[in-house]
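No lab work stands behind these numbers, since they all come straight from the coordinates. As the structure is a prediction and not an experimental result, all values here were calculated from the model. We place every Cβ from the backbone using ideal geometry, glycine too, and count neighbours over all the protein chains shown.
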Amino acid sequence: MWPFYGFVLAHIATGAVGLVTFWIAVLSKKGGFTHRRWGRVFNWMMLSTGCIAIAISICTLASPLETHPHLTDNLRDPALIRGIFGWMMLYLAILTINLAWYGWQSVSNKRHHQRNLEWRNLALQVALTVAATNCAYQGWRINQPLMMGISIIGFATVATNLYFLYKPHRRPADWLNEHIKALVGAGISVYTAFFAFGAVRLMPELALHPVLWAIPLTTGLALIIYHQRAVARKFTKIQSQGDVTV
């Protein structure tokens, strides 16, 4: 079991840094040194956390009861453990990696959109579609509506990502809106894991409670809407002044 516990410790370490740096990037002046510096740290932590979560989910799929001996009797079902802590964690890990990479590419290639069509960015859309489909299917198999419902986020992510990637006519602010959507989305993902999967060890009976899953999603959506509206106001002002270069 030592590889599994090693992955868990590394996951906690990178995730904890991500939890903190997320707010530094969100609250600091956009485009400023602090935002860029800690935004990069957050991005790397999300990519690392997602990759480690894949390893954790694989261990869980291989040995569900051995990797989760702390679960209460009502949760000690191998099929349930594989579904929630195996397949769903695998899906959320790929979702986090997808959003972190896509958000990074959006801002890095803001003046060269064609570079967003590089193979990793496109492969992650395929991977997330497969993972979301499997999460929904596995949820149906074990009668877990939560798994089926949360898979919708993955499908929506891929649809909006591809729409931007292949959009024939883009507005000046589109890349920034995608950057906000993706990186805040990655933050939602890591906070969801913190509240939901972390609760398993402290309050196992609340691990699947909808409220724990709704708090990060609601907070993240509010942040996305707020910042995208701020971007819209900024670009409207720039355009009214006759300067659309950003």
Taking Asp174, Asp77 and counting other beta carbon atoms within 10 angstrom, the fewest-first order is Asp77, Asp174
Would you be so kind as to identify which of Ala173, Val26, Phe155 lies farthest towards the positive end of the dipole of the chain, taking Lys and Arg as +1 and Asp and Glu as -1 on Cβ and the Cα centre as origin?
Ala173
FRET efficiency for Ser63 and Ser108, using Cβ-Cβ distance with R0 set to 51 Å, rounded to 0.05:
0.85
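Any idea what the dipole of the chain comes to, in debye rounded to 20, about its Cα centre with Lys/Arg Cβ at +1 and Asp/Glu Cβ at -1? All intermediate terms of the calculation are to be shown ahead of the outcome.
Working: 21 positive and 8 negative charges, 250 e Å.
Using Cβ point charges on Lys, Arg, Asp and Glu, the chain gives about 1200 debye.
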All-pairs Cα distance distribution in the stretch 2-240, expressed in whole percent, bin size 5 Å:
1, 7, 13, 19, 19, 16, 11, 7, 4, 2, 1, 0, 0
Among His68, His169, His113, which comes first, then next, by fewest other beta-carbon atoms within 10 Å?
His169, His113, His68
Hz values of 3J(HN,Hα) by residue in the stretch 17-22 - Karplus curve (6.51, -1.76, 1.60), Gly and Pro given as x:
5, x, 4, 7, 5, 4
In whole Hz, the Karplus estimates of ³J(HN,Hα) for the stretch 109-123 (6.51, -1.76, 1.60; θ = phi - 60°; x where Gly or Pro) are 10, 4, 9, 9, 4, 4, 5, 5, 8, 6, 4, 5, 4, 6, 5
Tell me what the chain gives for mean residue ellipticity at 222 nm when only DSSP H runs of n ≥ 4 count, each as -39,500 (n - 2.57), the sum divided by the residue total, rounded to 500 deg cm²/dmol.
-26500 deg cm²/dmol
Neighbour-count order for Cys135, Cys51, fewest beta carbons within 10 angstrom listed first:
Cys51, Cys135
If you stretched the chain out fully between Leu162 and Thr133, how much longer would it get, using 0.36 nm times the residue separation minus the C-alpha to C-alpha distance?
8.7 nm
Enumerate lysine pairs in the chain that are 8 or more residues apart or on different chains, then count those whose Cα atoms are under 19 Å apart.
13
Of Ile54, Ile84, Ile24, which is the most mobile in a GNM of the chain whose springs link Cα atoms less than 10 angstrom apart?
Ile24
With x for Gly and Pro, the residue-by-residue ³J(HN,Hα) of the stretch 143-160, computed from phi through the Karplus equation 6.51 cos²θ - 1.76 cosθ + 1.60 at θ = phi - 60° and given in whole Hz, is 6, 10, x, 4, 5, 5, x, 6, 5, 4, 4, x, 4, 5, 4, 4, 4, 6
Build a GNM of the chain with springs between Cα atoms under 10 Å: which of Tyr163, Tyr137, Tyr102 gets the top mean-square fluctuation?
Tyr163
